[in-house]
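J.: Below is a structure I'd like to ask you about.
The values are calculated or read from the model by the stated rules, or taken from the named source; none is laboratory data. Only a predicted model underlies this, so the values are computations on that prediction, with no experimental measurement involved. Ideal geometry is used to build each Cβ from the backbone, glycine not excepted, and the neighbour counts take in all protein chains shown. Calculation scope for accessible area: heavy atoms of the full protein, side chains included, ligands and nucleic acids excluded. Shrake-Rupley method; radii C 1.70, N 1.55, O 1.52, S 1.80 Å.
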Amino acid sequence: MSSGKKIVLLVIGLAILAFFFFDLGRFLELEVLKAHQTELEATISENLLISLALFFAIYVAVTSLSLPGAAVMTLAGGALFGLGWGLVIISFASTIGATLAFLVARFLLRDVLKARYAATLKKVDDGIHRDGAFYLATLRLVPIFPFFVINIVLGLTGMKTWTFYWVSQLAMLPGTAVYVNAGTQLAGIERMGDILSAELLLSFALLGIFPLIAKFVVGRIQRKRLYANYTRPERYDYNMVVIGGGSAGLVSAYIGATVNSKVMLVERGKMGGDCLNTGCVPSKALIRSAKIAQNMRQADHYGLKATEPDVPFPSVMKRIHSIIKTIEPHDSVERFTGLGVDCVQGSARIISPWEVELEEDGQTRRVATRTIIIATGGKPFVPPIPGIDDMEPLTSENLWEIEEQPGRLVVLGGGPIGSELTQAFNRLGTQVIQVEQGERLLPREDTDVADTILTRFREEGVDVRLQHKATRFAVEDGEKVLYCDHQGSEVRIPFDQLLVAVGRKGNTEGLGLENLGIEPSPQGTVPTNDDLSVVFPNIFACGDVAGPYQFTHTAAHQAWHAAVNALFGQFKRFKVDYSVIPWVTFTSPEVGRVGLSEAEARDQGIDYEVTTYGLDDLDRAIAESEAHGFIKVLTRRGKDRIIGATVVGEHGGELLTEFILAMKHNIGLNKILGTIHPYPTWNEGVKFTAGEWKKAHAPQKVIEWLGRYHSRRLG
Ligand SMILES: Cc1cc2nc3c(=O)[nH]c(=O)nc-3n(C[C@H](O)[C@H](O)[C@H](O)COP(=O)(O)OP(=O)(O)OC[C@H]3O[C@@H](n4cnc5c(N)ncnc54)[C@H](O)[C@@H]3O)c2cc1C
């Protein structure tokens, strides 16, 4: 604690101590006030200004120190100064006192809370930023909680001091007026309870609800204004038009069809979008072929004869396309038409909040819809590096069409997609040079995780170039060349083919967002609210085009929220919850993560503990000659509460699922440890991690005593 805080705490502590030690509260009792009213009035008439200043100062001190007696002082204000002066002076004194209490609580405690509960506090602050003024007004008008509690609690939030001040001053005014007015007839008051009749309490309650009603009305006016420039159709053709038939669009349309709403799904390319056609499915199919090739090379690890695989590349690609074909029916027009969805194979453009223009086989038509879901996904971002266009770069979009295996392949990008494809191509016999401008691969993961992958890549023969910033491409003597800046010197990398995997951009071109006055972010994503609505309450976005995550499972998670909010938002809107988001990078070893990494926990100021378990110790891993990698779990210090887990190892994605379940349902490591895991499985690794945590938290004193107890029993 800083010395400034210590001094403030000491002063406040001494003041409160003095108040109770000298029993100063006896001067702030109704009977005392009534008994001395005449003397006090005489003193005041002689020294009005000094009396006002003194009264003001005492009132501020009482409220700022949260001492009992403010109600009696308010009556005194009316009795001694009359309604006019009394109201003015008490209104300001009470608000200034409350604001001082608010500021002191903030000064002493907010940093402490921020260090321990940064994420929770951020959520509270966001809510306070949005609706804090309304809540404060209600709490002041309907005094369910004592005012001193409100002052302190709101001081711990991010509410602006000025907002706290003016809302408090206005909302406390009616109550203050009632008390000051009552004070003018002090003789008639026997008990404090006499002041507030049932009718008066009811009026306050109604006044308290007033801010909420005002908020509702303001919301309606804002909505009216938002739609003012558009003509609402008299009838709608659809309850929901979904633009994009990828993971997000398909789930949205499925939900719409399930609840019997009339849904149109528009897809301009292939149904299934990126995941099926150019993303998860082909990449995982490629990774599997590559793994088999690597297993053949390492067959001697299993007592077999190692052999360099012969890789007929076209047949690897053929297998990938046949896998896509097998999965295709899940996402097909036939399936969705069967579910009752009107599927349109064409392009959609938003004309107004209720109108979508469809371009189908060169024809255009417009449909009217109550709600619109934007699920247009993303595409690979190709950075504007000089000469890059002449390299005819491959991206995740056109990669799956190549028929010849690249000889020397430069993979630009060290993120998950770049790393998965690097390893797969390298294992299939392509000479891969992976170029990353940052200091490590997988920049979202912790250093120990990234280092494990880097070591494996280099062991397998990948030429990984970190801190290499691509500056230009050239063709020299018929050979493609990449020039990089590496710590100030130019590095020349000759290659045959280039694969760009440096990030993705949302698909918003031609979507008609300008007709709605919506500006996409520089990453091409559409900014959404908590309920995934986009500026207009009847337009939603989900999946890659919405961000912040770009995975199939997050697209589906968002799609549920977008569709339910679109169809039932007039009754209740669900906020999308990103608290337990998992992902897996399908390298060998796999990297699975849920929740926070160490770096993120540090950035958020969270006090955490790390428990690790080496998978090299796991019987099943040893039996499979895959004894490498680790599990790392982050818990809040001193608590059995998982805040993040990373698994680096074979089947890392599958092992992760147990942690996802645990985090989602607040299951701690103790419970995981107490659960029987079958032997010998990879998932035992999860249980053994819980065991490591338990060992570190074993009560040492009790164990010592038990030792003594048992040695005594030996005789
Ligand atoms: C190589 C690679 C590997 C990946 N691996 C994984 C993985 O292992 N796990 C994982 O979870 N995620 C993975 N992803 C990410 C995953 O593919 C995406 O997050 C997911 O596909 C996003 O779904 P979406 O519906 O938002 O977008 P998309 O699947 O891109 O679908 C959007 C659709 O909208 C259509 N569209 C766009 N504009 C219009 C318009 N105006 N009118 C009509 N239609 C339109 C597009 O044609 C497209 O089909 C991978 C991605 C890549 C590139």
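J.: Considering Ala623, Ala599, Ala645, which residue is farther than 30 Å from Gln523 by Cα, more than 16 Å from the ligand (Cβ to nearest atom) and not acidic (Asp, Glu)?
T.: Numbers: Ala599 fails: farther than 30 Å from Gln523 by Cα; Ala645 fails: farther than 30 Å from Gln523 by Cα.
That would be Ala623, the only listed residue that is farther than 30 Å from Gln523 by Cα, more than 16 Å from the ligand (Cβ to nearest atom) and not acidic (Asp, Glu).
J.: Within the range 669-715, how many residues are assigned to a helix (DSSP H, G or I) and hydroxyl-bearing (Ser, Thr, Tyr)? If you could, list the steps in order and put the result at the bottom.
T.: Let us first name the residues in the range 669-715 that are assigned to a helix (DSSP H, G or I), namely 669-673, 684-696, 700-713.
Okay, now just the ones that are also hydroxyl-bearing (Ser, Thr, Tyr), so 689, 709, 711.
Selection size over the range 669-715: 3.
J.: Take Leu113 and tell me if it is under 25 Å from Ala182 (Cβ atoms), touching a Ser or Thr at 6+ places or on another chain (Cβ under 9 Å) and open to solvent by 30 Å² or more (accessible area, probe 1.4 Å). First the steps, then the outcome.
T.: On the way: under 25 Å from Ala182 (Cβ atoms): no; touching a Ser or Thr at 6+ places or on another chain (Cβ under 9 Å): yes; open to solvent by 30 Å² or more (accessible area, probe 1.4 Å): yes.
Considered against the rule, which asks whether it is under 25 Å from Ala182 (Cβ atoms), touching a Ser or Thr at 6+ places or on another chain (Cβ under 9 Å) and open to solvent by 30 Å² or more (accessible area, probe 1.4 Å), Leu113 comes out as no.
J.: Suppose we keep only residues that are under 35 Å from the mean Cα position of the chain (by Cα) and open to solvent by 60 Å² or more (accessible area, probe 1.4 Å) within the range 466-477. Which one would you say is nearest to Ala599 (Cα to Cα)? Give the steps one after another, and end with the answer.
T.: Taking the range 466-477 as the starting set, the residues that turn out to be under 35 Å from the mean Cα position of the chain (by Cα) are 466-471.
Filter once more, keeping what is open to solvent by 60 Å² or more (accessible area, probe 1.4 Å): 467, 469.
On the way: Gln467: 20, Lys469: 24 Å.
Here the answer is Gln467.
J.: Ok, one more. I'd like the full set of residues that are open to solvent by 40 Å² or more (accessible area, probe 1.4 Å), closer than 22 Å to Glu600 by Cα and part of a helix (DSSP H, G or I), limited to the range 641-657.
T.: Listed by number, the list holds a single entry, Thr657.
J.: Next question, about the same structure. Looking only at helices (runs of 4 or more DSSP H) that fall completely inside the range 15-94, which ones have 3 or more residues that are modelled with pLDDT under 90 and hydroxyl-bearing (Ser, Thr, Tyr)? Steps first, answer last, please.
T.: Details: elements: 30-35, 37-46, 48-64.
Once the helices (runs of 4 or more DSSP H) in the range 15-94 are filtered for at least 3 residues that are modelled with pLDDT under 90 and hydroxyl-bearing (Ser, Thr, Tyr), what remains is 37-46.
J.: I need a count of the residues in the range 522-543 that are under 19 Å from the mean Cα position of the chain (by Cα) and assigned to a loop (DSSP other than H, G, I, E, B). Lay out the reasoning, then the answer.
T.: Of the residues in the range 522-543, the ones under 19 Å from the mean Cα position of the chain (by Cα) are 523, 525-534, 540-543.
Now drop any that are not assigned to a loop (DSSP other than H, G, I, E, B), which leaves 523, 525-532, 542.
Of the residues in that region, 10 qualify.
J.: Follow-up. Which one of these does Ala368 not meet: (1) among the small types (Gly, Ala, Ser); (2) exposed (fewer than 15 other Cβ atoms within 10 Å of the Cβ); (3) touching a Pro at 6+ places or on another chain (Cβ under 7 Å)?
T.: Looking at each condition in turn, Ala368 falls short on (2).
J.: Scan the range 558-567 for residues that are open to solvent by less than 100 Å² (accessible area, probe 1.4 Å) and over 16 Å from Tyr238 (Cβ atoms) and report the count.
T.: So the answer is 5.
Matching residues to (1) at pLDDT below 95; (2) among the acidic types (Asp, Glu); (3) farther than 21 Å from His468 by Cα:
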residue: Met391; (1), (2), (3): no, no, no
residue: Ser396; (1), (2), (3): no, no, yes
residue: Trp400; (1), (2), (3): no, no, yes
residue: Pro406; (1), (2), (3): no, no, yes
residue: Val410; (1), (2), (3): no, no, no
residue: Gly414; (1), (2), (3): no, no, no
residue: Ile417; (1), (2), (3): no, no, no
residue: Gln434; (1), (2), (3): no, no, no
residue: Glu439; (1), (2), (3): no, yes, no
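J.: Let me ask another. Looking only at residues that are assigned to a strand (DSSP E or B) and open to solvent by 50 Å² or more (accessible area, probe 1.4 Å) in the range 487-503, which one is nearest to the ligand (Cβ to nearest atom)? Quick ask: steps written out before the conclusion?
T.: Applying the first criterion (assigned to a strand (DSSP E or B)) to the range 487-503 yields 489-495, 497-500.
With open to solvent by 50 Å² or more (accessible area, probe 1.4 Å) added as a condition, the list becomes 489-490, 492.
On the way: Ser489: 32, Glu490: 31, Arg492: 28 Å.
Going through the qualifying residues, I end up with Arg492.
J.: When the range 434-445 is examined, which residues are found to be surrounded by 22 or more Cβ atoms within 10 Å (Cβ to Cβ) and either out of contact with any Ser or Thr (no Cβ under 7 Å at 6 or more places or on another chain) or not in a loop (DSSP other than H, G, I, E, B) (or both)? First the steps, then the outcome.
T.: Here is the first cut: in the range 434-445, the residues surrounded by 22 or more Cβ atoms within 10 Å (Cβ to Cβ) are 434-436, 441-442, 445.
Within the range 434-445, Gln434, Val435, Glu436 qualify.
J.: Does the range 382-389 include one or more residues that are open to solvent by 10 Å² or more (accessible area, probe 1.4 Å), in a loop (DSSP other than H, G, I, E, B) and without any contact (Cβ under 8 Å) to a residue 40 or more places away in the chain?
T.: Yes.
J.: Which members of the range 272-309 meet the condition of being basic (Lys, Arg), away from the ligand (no atom under 16 Å from the Cβ) and without any contact (Cβ under 8 Å) to a residue 12 or more places away in the chain?
T.: Residues of the range 272-309 that are basic (Lys, Arg), as a first pass: 284, 288, 291, 297, 305.
Those still in the list that are away from the ligand (no atom under 16 Å from the Cβ) too: 297, 305.
Answer for the range 272-309, where residues must be basic (Lys, Arg), away from the ligand (no atom under 16 Å from the Cβ) and without any contact (Cβ under 8 Å) to a residue 12 or more places away in the chain: just Lys305.
J.: Consider Thr508 against the criteria (1) within 16 Å of the ligand (Cβ to nearest atom); (2) of a type in the set (Ser, Thr, Tyr); (3) farther than 23 Å from Gly652 by Cβ; (4) over 26 Å from the mean Cα position of the chain (by Cα): it satisfies all of them except one. Which criterion is unmet?
T.: (4)
J.: Moving to a separate point now. Checking Lys480 against (1) loosely packed, with under 15 Cβ neighbours inside 10 Å; (2) touching a residue at least 40 places away in the same chain (Cβ under 8 Å); (3) of a type in the set (Lys, Arg), only one condition comes out false. Which one?
T.: Lys480 satisfies all of (1) loosely packed, with under 15 Cβ neighbours inside 10 Å; (2) touching a residue at least 40 places away in the same chain (Cβ under 8 Å); (3) of a type in the set (Lys, Arg) except (1).
J.: Here's something else I'd like to know. Take Gly638 and tell me if it is of a type in the set (Gly, Ala, Ser), within 26 Å of the chain's Cα centre (by Cα), over 28 Å from Thr455 (Cα atoms) and surrounded by fewer than 21 Cβ atoms within 10 Å (Cβ to Cβ). Before you say what the answer is, go through the steps one by one.
T.: Numbers: of a type in the set (Gly, Ala, Ser): yes; within 26 Å of the chain's Cα centre (by Cα): yes; over 28 Å from Thr455 (Cα atoms): yes; surrounded by fewer than 21 Cβ atoms within 10 Å (Cβ to Cβ): yes.
For Gly638, the condition - of a type in the set (Gly, Ala, Ser), within 26 Å of the chain's Cα centre (by Cα), over 28 Å from Thr455 (Cα atoms) and surrounded by fewer than 21 Cβ atoms within 10 Å (Cβ to Cβ) - is met.
J.: Do any residues in the range 446-461 that are buried (at least 16 other Cβ atoms within 10 Å of the Cβ) have Cβ atoms under 6 Å from those of residues that are among the charged types (D, E, K, R), where the two are at least six apart or on different chains, and which pairs are they?
T.: What qualifies is Asp446/Glu598; Ala450/Arg440.
J.: Counting only residues that are farther than 20 Å from Ala621 by Cβ and among the hydroxyl-bearing types (Ser, Thr, Tyr), which one in the range 290-333 is nearest to the chain's Cα centre (by Cα)?
T.: My answer is Ser332.
J.: Looking only at the range 546-581, which residues are in a helix (DSSP H, G or I) and not small (Gly, Ala, Ser)?
T.: Passing the criteria: Thr552, His553, Thr554, His557, Gln558, Trp560, His561, Val564, Asn565, Leu567, Phe568.
J.: Can you find a residue in the range 613-633 that is in a loop (DSSP other than H, G, I, E, B) and farther than 30 Å from Thr455 by Cβ?
T.: Of all residues in the range 613-633, those in a loop (DSSP other than H, G, I, E, B) come to 618, 624-629.
The next check asks that each one be farther than 30 Å from Thr455 by Cβ; those that pass are none.
Checking the range 613-633: not a single residue is in a loop (DSSP other than H, G, I, E, B) and farther than 30 Å from Thr455 by Cβ.
J.: If you take the residues of the range 346-365 that are among the β-branched types (Val, Ile, Thr) and surrounded by fewer than 18 Cβ atoms within 10 Å (Cβ to Cβ), which of them is farthest from the chain's Cα centre (by Cα)?
T.: As a first pass, look at the range 346-365 and keep what is among the β-branched types (Val, Ile, Thr): 350-351, 356, 364.
Pick out the ones that are also surrounded by fewer than 18 Cβ atoms within 10 Å (Cβ to Cβ) and you get 351, 364.
Numbers: Ile351: 31, Thr364: 39 Å.
If we take residues in the range 346-365 being among the β-branched types (Val, Ile, Thr) and surrounded by fewer than 18 Cβ atoms within 10 Å (Cβ to Cβ), then Thr364 is farthest from the chain's Cα centre (by Cα).
J.: Right, something else. Please count how many residues of the range 390-422 are assigned to a loop (DSSP other than H, G, I, E, B), farther than 14 Å from Lys480 by Cα and away from the ligand (no atom under 12 Å from the Cβ). Before you say what the answer is, go through the steps one by one.
T.: Residues of the range 390-422 assigned to a loop (DSSP other than H, G, I, E, B): 392-393, 395-398, 402-407, 413-415.
Those left that are additionally farther than 14 Å from Lys480 by Cα: 395-398, 402-405, 413-415.
Still in the list and also away from the ligand (no atom under 12 Å from the Cβ): 402-405, 414.
Of the residues in the range 390-422, 5 are assigned to a loop (DSSP other than H, G, I, E, B), farther than 14 Å from Lys480 by Cα and away from the ligand (no atom under 12 Å from the Cβ).
J.: Sort through Phe92, Phe134, Phe145 and tell me the only one that's in contact (Cβ under 8 Å) with a residue 60 or more places away in the chain, within 30 Å of Gln185 (Cα to Cα) and surrounded by fewer than 20 Cβ atoms within 10 Å (Cβ to Cβ). Walk me through it before giving the result.
T.: Details: Phe134 fails: within 30 Å of Gln185 (Cα to Cα); Phe145 fails: in contact (Cβ under 8 Å) with a residue 60 or more places away in the chain.
Phe92 is the lone residue from the list that is in contact (Cβ under 8 Å) with a residue 60 or more places away in the chain, within 30 Å of Gln185 (Cα to Cα) and surrounded by fewer than 20 Cβ atoms within 10 Å (Cβ to Cβ).
J.: What are the residues in the range 547-570 that are touching a Phe, Trp or Tyr at 6+ places or on another chain (Cβ under 6 Å) and within 8 Å of the ligand (Cβ to nearest atom), if any?
T.: Hit for the range 547-570 is Phe551, nothing else.
J.: Then there is this: Would you check which residues across the range 663-687 are under 30 Å from the mean Cα position of the chain (by Cα) and open to solvent by 80 Å² or more (accessible area, probe 1.4 Å) and list them?
T.: Lys664, His665, Asn666, Lys671, listed by residue number.
J.: Please count how many residues of the range 390-430 are under 31 Å from the mean Cα position of the chain (by Cα) and open to solvent by 40 Å² or more (accessible area, probe 1.4 Å).
T.: 3
J.: If Glu519 satisfies every condition in (1) in a loop (DSSP other than H, G, I, E, B); (2) more than 16 Å from the ligand (Cβ to nearest atom); (3) farther than 20 Å from Pro353 by Cβ but one, which is the exception?
T.: All conditions pass for Glu519, except number (3).
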